[in-house]
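The values are calculated or read from the model by the stated rules, or taken from the named source; none is laboratory data. Bear in mind the structure is a predicted one, so any value in this text is a computation, not a measurement. As a convention, Cβ positions derive from the backbone with ideal geometry for all residues, glycine included, and neighbour counts pool all protein chains shown. Each accessible area value is taken on the protein alone, full model and side chains, heavy atoms only, with ligands, DNA and RNA left out. Shrake-Rupley method; radii C 1.70, N 1.55, O 1.52, S 1.80 Å.
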Amino acid sequence: MPIIRGTEKVVNPLQESALSKKGLCDYVINVASGCLHGCTFCYVPSTPVIRARQSHLKESGIDNPQMDWGKYLLIREGVPEKLEEKLSRKRTWYETPAGRGVVLLCSGTDPYQNKEVGAITRRTIEILLKYGKRVRLLTRSPLWLNDLDVLANPNVTIGMSLPYIEDELSRQIEPNSPPPTARYKALLEGAKHGCRLYVAVAPTPPEMTLQNFVQHLDKVMAINPEVIFWEPINARGTNGKRMLAAGLEFAQSVMGRGPWVEYFIRQWGDIEEAAERVGCIDRLHIWPDRDLTGAVNESLLNYWWHRPTVETWDSEEYLPDGNRPFLKNHVQLSLFAKSEIE
């Protein structure tokens, strides 16, 4: 299928989100439907948002919105203007303890996947900051460095997906994304300009071991991220089929629930032990899947679901050195130290 580009209308670009359970946000803004990065593991095509809009997407020439992920991009018309109108009239703001009223760009596409999308994202963030909103940016593209004049702001935190820094592996798993080495350099550059940063060490493939995690986290800490999110690849559903179609044989080994749970638990223990060794266990934030219920101690799962990150915003408490944010009364409950809850 050739790449399909177009536009679509959106009534309200600002939507309440369920991603507070991951400590990410309470609102999301998606500036487009589809994403040209074409990450084989991406969960977005399997979400109800895409499934419920299959007929609409087919009208745009997209026959199979799930399997053709990465081959279409429909830019949403007038997002900044409609957001301005929305915020000028909005009198209440939804805020949960974990989501903290943060607005995420984006949950269903990459906000800087090309210059056109990046320009819309910049204008959107400018409007959010005008109204004093907290913004979380998540991207795989270094193009955000063009907007440092806007993004180096205490109300903006910038994150990049960096599950590994091996470009060859990336070309197999996320074929059209900027390479991890470019993302890493972008984060280092952002740190020099005083940007608030976080890293999503996610999703990690099954071949990553304890030693891999130690080496990776050691490099990540050079960025001085406020938070390090983690989860493994989920190879179930259509994303598993896309991985197999891309020749990623490891997907077959973790498509069943049993092997996938075993892989999740093994890597969870490994990354926590690695974080202990590197000295960043306090920044590590686990994204445990609901399908771990019954396989992992319930207290541990409840600990992470809906838990705030160690980031701070506005008047929230900082460490005495004023450098790294820390959540007041934070106590780490980890798989690595699971004997504490058994």
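How far apart, in nm, are two points set 7 Å out from the Cα along the Cα-to-Cβ line at SER253 and at ALA295?
With each label point 7 Å from Cα toward Cβ, the separation is 1.5 nm.
Among GLY256, GLY269, THR92, pick out the residue whose Cα is farthest towards the positive end of the charge dipole of the chain, where Lys and Arg carry +1 and Asp and Glu carry -1 on C-beta, about the Cα centre.
In the chain, that residue is THR92.
Give, in nm to one decimal, the length gained when the segment between LYS90 and ASP218 is fully stretched (0.36 nm per residue of separation minus the Cα-Cα distance).
41.7 nm
Mean Kyte-Doolittle hydropathy of -0.5 or higher plus an axial Cα length of 24 Å or more: which whole DSSP H helices in the chain meet both?
none
Compute the distance in nm between two label points, each set 7 Å from the Cα along the Cα-to-Cβ direction, one at LEU210 and one at GLU77.
About 5.8 nm, to one decimal.
When the chain is fully extended, how far beyond the present Cα-Cα distance does ALA246 get from THR7, taking 0.36 nm per residue of separation?
Using 0.36 nm per residue and subtracting the Cα-Cα distance, I get 83.2 nm.
Using a cut-off of under 17 Å, list every residue of segment 212-231 whose amide N is near the label point 7 Å from the Cα of ARG171 along the Cα-to-beta-carbon line.
Correct set: none at all.
Students often check this: by mean Cβ neighbours within 10 Å, which of 250-259, 75-84, 135-144, 91-100 ranks highest, and how do the rest follow?
Listed from highest to lowest mean packing, they are 135-144, 75-84, 250-259, 91-100.
Identify the GluC sites (Glu not before Pro) of segment 244-310 meeting these criteria: DSSP loop state and at most 16 other C-beta atoms within 10 Å of the C-beta.
Details: sites: GLU249, GLU262, GLU272, GLU273, GLU276, GLU298; in loops: GLU249.
Here the sparse-neighbourhood loop sites are GLU249.
LYS9: which lysines have alpha carbons under 23 Å from its alpha carbon, excluding same-chain residues fewer than 8 sequence positions away?
Result set, ordered by chain and number: LYS58, LYS71, LYS82, LYS86, LYS90, LYS115.
Treating only the Cβ of Lys, Arg, Asp and Glu as charged (+1, +1, -1, -1), what charge dipole size does the chain show about its Cα centre? Round to the nearest 20 debye.
1040
Under a 1.4 angstrom probe, counting protein chains only, how are LYS86, LYS219 ranked by accessible area, largest first? Don't jump to the answer; show the numbers that get you there.
Numbers: LYS86 60, LYS219 100 Å².
Sorted descending by solvent-accessible area, the residues read LYS219, LYS86.
So for segment 189-325, taking the charge dipole from beta-carbon charges (+1 Lys/Arg, -1 Asp/Glu), which of LEU284, MET221, ALA246 sits furthest toward the positive end?
ALA246
Contact order normalised by length for the chain, with contacts defined as Cα pairs under 8 Å and 6 or more residues apart; what percent is it?
Values: 628 pairs, mean separation 56.9, N = 342.
17 percent.
How many angstrom lie between the Cα centre of segment 244-279 and the Cα centre of segment 187-232?
Segment 244-279 and segment 187-232 have Cα centres separated by 17 Å.
Please work through the chain and write down the cysteines that have no neighbouring cysteine Cβ at a distance under 4.7 Å.
If one checks each Cβ against the other cysteines of the chain, CYS25, CYS35, CYS106, CYS195, CYS280 turn up with nothing under 4.7 Å.
Under the rule of -39500 (n - 2.57) per DSSP H run of 4 or more residues, summed and divided by the residues of the chain, what mean residue ellipticity at 222 nm is obtained, to the nearest 500 deg cm²/dmol?
Computed mean residue ellipticity for the chain: -9500 deg cm²/dmol.
Check which residues have an amide H placed less than 5 Å from THR204's amide H, if you skip close sequence neighbours.
Amide H neighbours of THR204, under 5 Å, 5+ apart: GLU231, ILE233.
Considering every pair of different Cα atoms, what Kirkwood radius, in Å, is found for segment 51-150?
Details: mean 1/r = 0.0650 Å⁻¹.
When all Cα pairs of segment 51-150 are included, the Kirkwood radius is 15.4 Å.
Which one, THR204, CYS35, LEU19, is farthest towards the positive end of the dipole of the chain when Lys and Arg carry +1 and Asp and Glu -1 on their Cβ?
Of the options given, the answer is CYS35.
Please compute the per residue accessible area over the chain with all protein chains in place, 1.4 Å probe, rounded to a whole number of Å².
Counting only protein heavy atoms, the per-residue value for the chain is 42 Å².
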